[in-house]
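Reading through the structure tokens given below for one structure.
The values are calculated or read from the model by the stated rules, or taken from the named source; none is laboratory data. If you're wondering where the values come from, they're calculated on a predicted model, not measured in any experiment. Counting neighbours? That spans all protein chains shown, and the Cβs are built from the backbone with ideal geometry, glycine included. Heavy atoms of the whole protein, side chains included, go into the accessibility calculation; ligands, DNA and RNA do not. Shrake-Rupley method; radii C 1.70, N 1.55, O 1.52, S 1.80 Å.
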Amino acid sequence: MTEVLDIAPWRLAAALLLIAVVFVLSFRERLGLERSLLMATVRTFLQLFLVGYVLRAIFALEHWAPVLGAVAVMVLVATHTAVSRLKRRVAGITAFAAIALTAGSGLTLVFVTEVVIGVRPWFDPQYVIPIAGMIVGNAMNGAALAGERFQAELKNRVPEVETLLALGFPAPEALAGLRQEAIRAALIPRGRPVSDRCDADAHGGGRVHERPLPRAARAAVLHPRPPTAPPPGRGLSGRGR
Amino acid sequence: MPVVILECRGVSLHYQGGDGAAGREVLRGVSFTLKAGERLNVVGPSGGGKSTLLRLLNRFEDPDQGKVLFHGKDLRTYDPLEIRRRIALTLQTPVMFDGTVRDNLLRRPRERRAALTEADLRGALEDVALDATFLDRVAGELSGGEKQRVAIARVLLMRPEVLLLDEPTSALDPVAAGHLIETVTTLNQEKGLTLVVVSHDLNVVRRLSGRLLFLAGGEVIVDAETCASLEHPTHPAVRDFLAGSLP
């Protein structure tokens, strides 16, 4: 079965019935979600409508450049979304996330399309674009989860990090435990039991420490900034230790 | 004549507010000198910049203006890791890592851990008036005073020249606090360790004696001999603090 299905407009419209179910539920249970549901439905409709036209143009061109352009747009949007989920902005975080998402998604996309599927021609948009969408979407969720967890751990474990720094550990080593937690959070399969999530979330929460981390630790979180433009809290020393 | 080991020259520091909020000036034009072997009490109301000053001295922070000199050289010219070894800091709440006291004493970068012998560990515990049986006790099960001593022993193993103690007795009962102050005074008198102690507890400050630096609103209000400053306070802010009308 290799043919492409042609979905009739009435079938697409039928998808609205599912939203109507939620709409009625919200109304009956007085959840107050009707307005946001309506807005989300209209937005999704318009987005998919526009994306459909763009994809049709890309498919028609049969050239690698627009396909790669579409993938690049996906990575940019994913970067923006992942970074915007962070509670605290850090200098250089957008560039860092963009590099990480490009490298991670790019390598995975090449591996899947070339080695696993063997797409020919290599840029065939029918395969490359949906697969890229799935890979970039997962990478975005992983990056956002890792970033959120790292910041939560950092906020919760300031005394521990400061103690390690005071004992002469370079900042990357003082932050190693936090990094492990962040990576674990990003790599836990999405279908993990709810109880695990609750435990993990409880572990990641905690009281807010008013005092910012030492400069060395902040510098290690990401790239240092010039002393004239300190990040939230305080400036980075730029030593990156 | 003792040499000047640390010097603050017109040091100012402000914390930037989050999301564009106005910053807060924590230290303003702070200047003082510290001689080798001195005991310096840093006292003052909450939010006066005492703990921030300690953080400047071991490069957890860098000043916005002015400079901190260590042996006459700007602190920023030193490797921060070297500074944290030579100017050791213990935090208000001692953090004990999983495992025994021995594990905690050995918790340091690999290259330094290898150089530590059993005798070093026992010696460090002895310096803080704990016997060798503590080595194999679970660190998390120690009392507050014992944890604070282990935290001090842990940094003493770095053989620092200056020991910075941030509110070391805040979580201790008066007896444990007295013993701890006795211990650090002995370290100062017998080993020549230079001490900078931030404390709210005036009993602790009196017992430690030495010099007093009274900080309020980020500025040095008084820099004088401790006992005289507390017995005959001349500045209204110090009088208010002693009378308990400043937090």
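Note that region A:24-138, at 20 °C in a medium of 1.002 mPa s, gets a Stokes-Einstein diffusion coefficient of 131 µm²/s from its Kirkwood radius over C-alpha pairs.
Determine the dipole magnitude for region B:92-206: charges of +1 sit on the beta-carbon of Lys and Arg, -1 on that of Asp and Glu, nothing else is charged, the reference point is the Cα centre, and the result goes in debye to the nearest 20. Let's see the in-between values first.
On the way: 14 positive and 18 negative charges, 78 e Å.
Taking the Cα centre of region B:92-206 as origin, the dipole is about 380 debye.
Taking only the alpha carbons of region A:7-61, we obtain Rg and Dmax values of 14.6, 49 Å in that order.
Among B:ALA124, B:ALA151, B:ALA228, the residue with the largest mean-square fluctuation in a Gaussian network model of chain B, with springs joining Cα atoms closer than 10 Å, is B:ALA228.
In terms of its alpha-carbon gyration tensor, region B:117-200 comes out oblate; a/c meets the 1.5 threshold, while b/c is at least as large as a/b.
Against the main long axis of the alpha-carbon atoms of chain B, helix B:174-191 sits at an angle near 90°. Here the sum of -39500 (n - 2.57) over DSSP H runs of 4 or more residues, divided by the residues of chain B, equals -9500 deg cm²/dmol at 222 nm, to the nearest 500. Legend: residues B:ILE5, A:ILE135, A:ILE117, sorted from most to least accessible area (1.4 Å probe; ligands, DNA and RNA excluded), read A:ILE117, A:ILE135, B:ILE5.
Which of the trypsin sites (Lys or Arg not before Pro) found in region A:45-125 are in a DSSP loop and have at most 12 neighbouring Cβ atoms, other than their own, within 10 Å? Display every interim value, and only then the final one.
On the way: sites: A:ARG56, A:ARG85, A:LYS87, A:ARG88, A:ARG89; in loops: A:ARG85, A:LYS87, A:ARG88, A:ARG89.
Qualifying residues, ordered by number: A:LYS87.
On a 0 to 90 degree scale, rounded to 10, what angle separates helix B:144-156 from the longest Cα axis of chain B? Approximately 90 degrees, to the nearest 10. Panel note: contact residues of region A:162-188 (accessible area lowered by at least 20 Å² against the chain on its own; 1.4 Å probe) correspond to A:GLU162, A:THR163, A:LEU164, A:LEU165, A:ALA166, A:LEU167, A:GLY168, A:PHE169, A:PRO170.
Can you list, largest first and rounded to whole Å, the semi-axes you get for the protein assembly as shown by taking the square root of 5 times each eigenvalue of its Cα gyration tensor? All intermediate terms of the calculation are to be shown ahead of the outcome.
On the way: eigenvalues 636, 122, 100 Å².
With the √(5λ) rule applied to the protein assembly as shown, the semi-axes are 56, 25, 22 Å.
For region A:11-123, which whole percent of the accessible surface, found with a 1.4 angstrom probe, sits on carbon and sulfur atoms? Present the calculation step by step, with values, prior to reporting the outcome.
Values: 6140 of 8340 Å².
Accessible surface attributable to carbon and sulfur in region A:11-123 totals 74 percent.
Under 5 Å from the amide H of B:ILE221 lie the amide H atoms of B:PHE214, B:LEU215, B:ALA216, each residue being 5 or more positions distant or on a separate chain, with H modelled from the backbone and absent for Pro and chain starts. Note on chain B: antiparallel DSSP beta bridges, both residues inside, total approximately 55 percent of the bridges counted.
Residues whose amide H lies under 5 Å from that of B:THR100, counting only those 5 or more places away or on a different chain, are B:ALA139; hydrogens are built 1.01 Å from N in the peptide plane. Annotation: A:TRP64 carries an accessible surface of approximately 120 Å², with a 1.4 Å probe and no ligand, DNA or RNA atoms counted.
Interface A/B, total buried accessible area with a 1.4 Å probe, nearest 100 Å²?
For chain A against chain B, roughly 2400 Å² becomes buried.
For B:ILE5, the residues 5 or more places off, or on other chains, whose built amide H falls under 5 Å of its own are B:LEU34, B:LYS35, B:ALA36. Any idea what angle helix B:118-127 forms with the longest principal axis of chain B, computed on alpha-carbon atoms, 0 to 90 degrees, nearest 10? Approximately 40 degrees, to the nearest 10.
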